[in-house]
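Input: a single structure, listed below in structure tokens.
All of the numbers you see were taken from the coordinates with simple rules; none came from a lab. Small disclaimer: the values here were computed from a predicted structure and weren't measured. Backbone-built Cβ (ideal geometry, glycine too); neighbour counts: all protein chains shown.
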Amino acid sequence: MLSLQPTGTYAQETNNQYKETLYKMLDKSGGLESVKLMVPQLVNMMKQQTASQPDSFWEDFTKRWTKQLIDKMVEGITPIYQKHLTLKDLEDILAFYNTPAGKKLSASTPAVAKEVMPIGQQLGTEIGRQMQNEIANMVSK
């Protein structure tokens, strides 16, 4: 039986190319920003408990663990992206993020997300309360 699935070295190269392109797309889109901020926040807490280390130690430690976290995240999410987007799709998205509009979207996304989050939380609370009231009214009838 003939298989149309890539095998061996070609499959590995294709998968590596997909991961590299996914990483670039996530980086350009601002999708890695929250991950890049996570490790320094953890390190700052550790610094307070182990302040005897020099700053150079903490800088190297932070760089190493940030890279490790990003690599593991990209490794973990690659199969999910592969189910929904082809390599060509990622390349096209990456090309968009290299345009002036894409760069503007990428630069503004963290600020927009920060401003939108409280609205989403407030709406979630309000809607949740309204849903609970409706269910309570239905049950009491």
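As a quick test, which of the pairs LYS19/LYS47; LYS83/LYS103; LYS114/LYS141; LYS19/LYS104 have an alpha carbon distance above 30 angstrom in this structure?
Where the Cα-Cα span goes over 30 Å, the pairs concerned are LYS19/LYS47; LYS114/LYS141.
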Each residue of segment 126-141 in turn: what ³J(HN,Hα) in whole Hz from Karplus with 6.51, -1.76, 1.60 and θ = phi - 60°, glycine and Pro shown as x? 5, 5, x, 5, 5, 5, 4, 4, 5, 5, 4, 5, 5, 5, 7, 7
Residue separation between LYS88 and MET117 times 0.36 nm, minus their alpha-carbon distance, gives in nm 7.3 nm
Normalised contact order of the chain, rounded percent, pairs of Cα under 8 Å and 6 or more residues apart: 35 percent
Vicinal HN-Hα couplings computed from phi for segment 23-34 (Karplus, 6.51 cos²θ - 1.76 cosθ + 1.60; Hz; Gly/Pro x): 4, 4, 5, 5, 5, 5, 7, x, x, 9, 4, 5
Helical mean residue ellipticity (222 nm; -39500 (n - 2.57) per DSSP H run of 4+; nearest 500) of the chain: -30500 deg cm²/dmol
Length gained, SER52-LYS72, 0.36 nm per residue minus C-alpha separation, equals 4.3 nm
One-quarter of the Cα convex hull surface for the chain, in nm²? 16.7 nm²
The ³J(HN,Hα) series, computed from each phi in segment 110-118 with the Karplus coefficients 6.51, -1.76 and 1.60 at θ = phi - 60°, rounded to the nearest Hz and given as x for glycine or proline, is x, 5, 4, 4, 5, 6, 6, 3, x
Using a 10 Å cut-off around each Cβ, can you sort VAL74, VAL139, VAL35, VAL112 from fewest to most neighbouring Cβ atoms? VAL139, VAL112, VAL35, VAL74
